[in-house]
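Presented below is the structure to which this report refers.
The values are calculated or read from the model by the stated rules, or taken from the named source; none is laboratory data. Treat the numbers as computed from the prediction; the structure is a model and nothing was measured. Glycine also receives a Cβ, built like all others from the backbone with ideal geometry; neighbour counts cover every protein chain displayed.
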Amino acid sequence: MDIINNLVCAAALGSAETSHATQQQQLMDQAAFERRLSEAPQRPMQQAGAAPSRPVGSPQQEGRLDTETQKPNMKLVVVSNRVATFNPDQPPTGGLAAALEPVVSRSGAVWMGSSGNLGDGNDRPVALAQCGEGHVARLDLPAAHYPGYYEGFANSMLWPAFHSLLDRVSSGAENHYESYREVNAFVGRAAFDLRDRDAFWVHDYHFLPLGADLHKLGIDRPIGFFLHTPWPAPDLIERVPNHRELMKSMLEYDLLGFQTNWDRNNFLACVHSHLGLESKNGIVISQGRQTRCQKFPIGIDPKQFAENAAVSLAEQNDFISSLQNKLNGAKLAIGVDRLDYTKGIDNRIEAFNQVVAAEPRSISLLQIAIPSRTQIAAYGEYERNVDSLVSRVNGEHGTDEWRPILYEKNSFTQAQLASLYRAAHVGVVTPLRDGMNLVAKEYVAAQDPNDPGVLVLSKFAGAAEDFKENEALLVDPTRPEEIATAISRAANMPREERIQRWRMMMDRLEAYTIHHWSADFVQELDKSRVTVPADHFRHLGLGWINEAQMPSYETTAELEAALKHAMDRRWVLPTTSSADHPGARA
């Protein structure tokens, strides 16, 4: 940091066009800056690159923040479309709820999201409900804009486009962009009430522009974003209305997290193609600030799943007993999904049709399919299509004593699912595309180490970047014949090979759990924390408000040239505090 101070001072004093009064002010700023810097904790410049990694079998990274054993030292605000119930009688069944509940309840974070009710859109003080050491803020989103935000732009435009399924984009979805922005602005104004907290962590495609909205309101805390869905290639994102505006707003986040390298690289390619911005080591510099783009592959709690599976099977609950009777000697495969067209359930059913036609009564599929987003026409149509396919296959190949497909639309608890996973010889996870798909990881974690089942996995699920060809059986989810071949191979795989494949996958799950995922993101976001007031950094003139936000330079000459360029341009940061900002609410 000394070299930066010296160069900045030299640049400030060496500008021939600067007035004497301005020079005096800069020297005063420099002295104040150095005083504050000497008092602040020092941190070396960071290279922001690929995802945090934790090799199988390695000790925990030095300095890693572990939510299982300690509290983060940041008071977070977490924002997502919905929040967990925090009901001990209804434990989270995975995904976002399972990931964030421990962060909130143990660390003192505030989790903000929709209450499920609609309101008049008027701004009101945020009410906090205690949840462990944390709090939940449930917002009544504005009724006038909610349908356009949720059913329209978020789930009829962004959801299919981000899954590279443009044929599923609903007609007229592009007309709901303003409602999408209005709801983001409403949530931003609510979050402004929590502006004194250390950092904000925003989740998923519902809130792409929220970081920009928070900055407009005057919030200068670190703001991170994690995308749970895939990110599409440049030729697909351009089909999304206002895609350039959305990407520009995303670059106002300090940290962007993606599930896979594929998603991260796609985003960087889109930024280059559509915004003309270069990136280096995952860092994008735009409008005087930098955004770090990194991979954070979401995990599960494998230990908990293994325990749930063993306990639940030992209890031999009524459903398991009834299921085993229905199998009538056949092996069991399992699929667990929302009834969503991205999950490829229709192709999976057709694959089972081929399996039972070739090997009658050899295997049954338990397909748990929970109806989802039923108010959206495309989802109702897909549900009817899957219902019809199941009836056709059962009609052609079933008997009074046996059905090839056992179709369940009821939800199950995490413990019940774990026991069903362990009872199944084959786990079939074949989405057309998925950000991660935690069902794949849950199935592996629940297996009996001495007699594990086999995972058949779509090569377009994010989990396929973790599980390799010699671990899961990777398939093209659009080709039922390929899925059928893999199911048959899995059902007949020798025990020794099954154990070998399972062990490698389980090692990966244990090496990077859901706790590591949340801890790593928080730790990376912490690197953006302001340690020196922005008004004492203004003479840098580059728009970076702290050391962690500054790009890395390979040589002193490069750094000196950048600082001189800034001084020549006379770029100055505003010093208005967020409390004085016109966006502040009474």
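Residues to consider are Gly329, Gly335; find the one that is surrounded by fewer than 15 Cβ atoms within 10 Å (Cβ to Cβ) and not in a helix (DSSP H, G or I).
Residue meeting the stated conditions: Gly329.
For a quick check of your reading of the model, give me the residue pairs whose first member lies in the range 351-364 and is within 18 Å of Asn325 (Cα to Cα), whose second is surrounded by 22 or more Cβ atoms within 10 Å (Cβ to Cβ), with beta-carbon atoms closer than 6 Å and at least 6 apart or on different chains.
Listed by first residue and then by second, the contacts come to Ile363/Ala333; Ser364/Pro404.
Among (1) at positive phi; (2) in contact with a Lys or Arg (Cβ under 8 Å, 6 or more places away or on another chain), where does Thr342 come up short?
Among (1) at positive phi; (2) in contact with a Lys or Arg (Cβ under 8 Å, 6 or more places away or on another chain), the lone unmet condition for Thr342 is (1).
Right, Phe162: buried (at least 22 other Cβ atoms within 10 Å of the Cβ), touching a residue at least 24 places away in the same chain (Cβ under 8 Å), under 21 Å from the mean Cα position of the chain (by Cα) and not assigned by TED's automatic domain parsing to the domain that holds Asn242 or not?
Yes, satisfied.
Quick check on my filter: what residues within the range 95-150 are β-branched (Val, Ile, Thr) and at pLDDT below 90?
Selection gives Val103, Val104.
With the condition kept exactly as written, say whether any residue in the range 231-245 is under 28 Å from Gly344 (Cα atoms) and among the aromatic types (Phe, Trp, Tyr).
Checked against the condition, which is being under 28 Å from Gly344 (Cα atoms) and among the aromatic types (Phe, Trp, Tyr), the range 231-245 yields at least one hit.
Which of the following residues is assigned by TED's automatic domain parsing to the domain that holds Phe258 and either touching a strand residue (DSSP E or B) at 6+ places or on another chain (Cβ under 9 Å) or buried (at least 17 other Cβ atoms within 10 Å of the Cβ) (or both): Gly132, Gly148, Gly152, Gly108?
Answer to the check: Gly108.
Okay, residues lined up against (1) in contact with a Pro (Cβ under 6 Å, 6 or more places away or on another chain); (2) part of a strand (DSSP E or B); (3) at pLDDT below 95:
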| position | (1), (2), (3) |
| --- | --- |
| Ala357 | no, no, no |
| Leu365 | no, yes, no |
| Arg373 | no, no, yes |
| Val390 | no, no, no |
| Gly395 | no, no, no |
| Thr399 | no, no, yes |
| Ser411 | no, no, yes |
| Tyr421 | no, no, no |
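So is Asp235 touching a residue at least 12 places away in the same chain (Cβ under 8 Å) and either under 18 Å from Pro160 (Cα atoms) or crowded, with 18+ Cβ neighbours inside 10 Å (or both) or not?
no
Taking the range 417-471, which residues are among the charged types (D, E, K, R), out of contact with any Asp or Glu (no Cβ under 9 Å at 6 or more places or on another chain) and either surrounded by fewer than 24 Cβ atoms within 10 Å (Cβ to Cβ) or in the same structural domain as Ala233 (by TED's automatic domain parsing) (or both)?
Arg433, Asp448, Asp451, Glu465, Asp466, Lys468, Glu469, Glu471
Name the one entry in Arg239, Arg264 that is in a loop (DSSP other than H, G, I, E, B), of a type outside the set (A, V, I, L, M, F, W, C) and under 23 Å from Asp434 (Cβ atoms).
Arg239
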